[in-house]
1. How many of the residues in region 141-178 are assigned to a strand (DSSP E or B) and within 24 Å of K230 (Cβ to Cβ)?
2. For region 215-227, which positions are open to solvent by 80 Å² or more (accessible area, probe 1.4 Å) and of a type in the set (S, T, N, Q)?
3. Looking at (1) closer than 23 Å to F120 by Cβ; (2) open to solvent by 20 Å² or more (accessible area, probe 1.4 Å); (3) in a strand (DSSP E or B), can you tell me which one I38 breaks?
4. Any chance region 59-67 includes a residue that's hydrophobic (A, V, I, L, M, F, W, C), in contact with a helix residue (DSSP H, G or I) (Cβ under 7 Å, 6 or more places away or on another chain) and closer than 27 Å to E215 by Cα?
5. Which residues, taken from region 192-226, are without any contact (Cβ under 8 Å) to a residue 24 or more places away in the chain, under 30 Å from I80 (Cβ atoms) and not small (G, A, S)?
6. M70: open to solvent by less than 40 Å² (accessible area, probe 1.4 Å) and within 23 Å of K173 (Cα to Cα), yes or no?
7. Does region 14-31 contain at least one residue that is more than 17 Å from L131 (Cβ to Cβ), open to solvent by 60 Å² or more (accessible area, probe 1.4 Å) and outside any helix (DSSP H, G or I)?
8. Could you pull out the residue among K212, K201, K186, K230 that is within 23 Å of the chain's Cα centre (by Cα), exposed (fewer than 11 other Cβ atoms within 10 Å of the Cβ) and under 26 Å from K143 (Cα atoms)?
Amino acid sequence: MNKKFLKEDVLVVEDFLSADECARIIKWMDFIVEKGIIKWNPISFYESYAMGFFEEDYFLQIFGFPKDYMNQIKAKMKAIVEEVIGEPAKEITFHTQKWIPGAFASFHSDNSTNGVYNAFTRSRYAAFLYLNDDFEGGALNFKDHPITIQPKTGMVVAFNGSHENEHEVQLVKKSDRYTIGSFWDKASNTYSQETLDAWEKELAETRADQAKEQEKWKNLKEQGIIVSPKDEGAKQ
């Protein structure tokens with residue numbers, strides 16, 4: 001694997017997976033959705049979707065993987081995140097994602113300490129594995145640093161999700177963009193019950209807001225109105 005720190009807390013790893021492995025993962029995702037085993041669910045960004053997976057999925061074997069292959073990927077991504085953190089990490093979330101043409105994410109941080117739009121306080125670090133690059137647009141762009149990363153098949157990007165690293169996913173113009181997304185914290189971090197309860201409240205409130213926004217987007221789409229990054233940027 002070819003690793004490079006673009007800044008002290010942004011690490012790019014090329015050839016994390018081979019193009020063949022990535023293509024088979026996408027085929028597996030399409031298969032389990034087609035069979036109705038798991039479905040894509042809207043997430044907080046326009047025209048973007050996510051789904052979880054089972055700890056052991058026997059359908060992975062159809063595509064030449066061991067049934068615990070996704071957990072193997074998770075362990076490898078955890079090791080990359082730990083290079084950014086400099087100490088052991090613990091998982092917050094780990095899921096597959098699909099961004100269809102028209103999808104984008106306006107500038108945000110993944111750690112919402114200062115109330116930045118579309119974020120969770122507990123999401124300290126992020127890591128994304130890009131499964132394809134046969135789409136147009138969809139670059140990962142950082143707001144306050146001259147860093148723009150055009151995804152390559154098999155690449156992982158890991159970074160500190162703080163406000164110093166506000167970032168966007170630029171408009172996906174053509175074809176679907178597949179990723180595996182994950183969020184992490186330092187394993188050494190412990191939190192009071194009051195903090196944990198506050199995070200649960202934050203999560204519930206954010207999910208409620210997201211549901212309202214998804215309904216708004218659905219209604220606009222039915223009217224033939226497409227939301228653009230310029231529209232969402234007005235919220236920042």
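1. At the first step, the residues of region 141-178 found to be assigned to a strand (DSSP E or B) are 141-142, 148-149, 156-160, 167-169, 172-174, 177-178.
Restricting the remaining residues to those that are within 24 Å of K230 (Cβ to Cβ) gives 141-142, 148-149, 167-169, 172-174, 177.
Number of matching residues: 11.
2. So the first thing to find is which residues in region 215-227 are open to solvent by 80 Å² or more (accessible area, probe 1.4 Å), and the list is 215-216, 218, 221-223, 226.
If the condition is that a residue be open to solvent by 80 Å² or more (accessible area, probe 1.4 Å) and of a type in the set (S, T, N, Q), then Q223 is the only one that fits.
3. Result: I38 passes all but (3).
4. Looking for residues that are hydrophobic (A, V, I, L, M, F, W, C), in contact with a helix residue (DSSP H, G or I) (Cβ under 7 Å, 6 or more places away or on another chain) and closer than 27 Å to E215 by Cα, one finds none in region 59-67, hence no.
5. Across region 192-226, the qualifying residues are T195, L196, E200, R207.
6. Details: open to solvent by less than 40 Å² (accessible area, probe 1.4 Å): yes; within 23 Å of K173 (Cα to Cα): no.
Against the criterion (open to solvent by less than 40 Å² (accessible area, probe 1.4 Å) and within 23 Å of K173 (Cα to Cα)), M70 does not qualify.
7. No, every residue in region 14-31 fails to be more than 17 Å from L131 (Cβ to Cβ), open to solvent by 60 Å² or more (accessible area, probe 1.4 Å) and outside any helix (DSSP H, G or I).
8. K230
The values are calculated or read from the model by the stated rules, or taken from the named source; none is laboratory data. Quick caveat, the model's predicted, so the values are computed rather than measured. Quick reminder, even Gly has a Cβ in these numbers, built from the backbone with ideal geometry, and neighbours come from all protein chains shown. When the accessible area is computed, the model is the full protein with side chains, heavy atoms only, and any ligands, DNA or RNA have been set aside. Shrake-Rupley method; radii C 1.70, N 1.55, O 1.52, S 1.80 Å.
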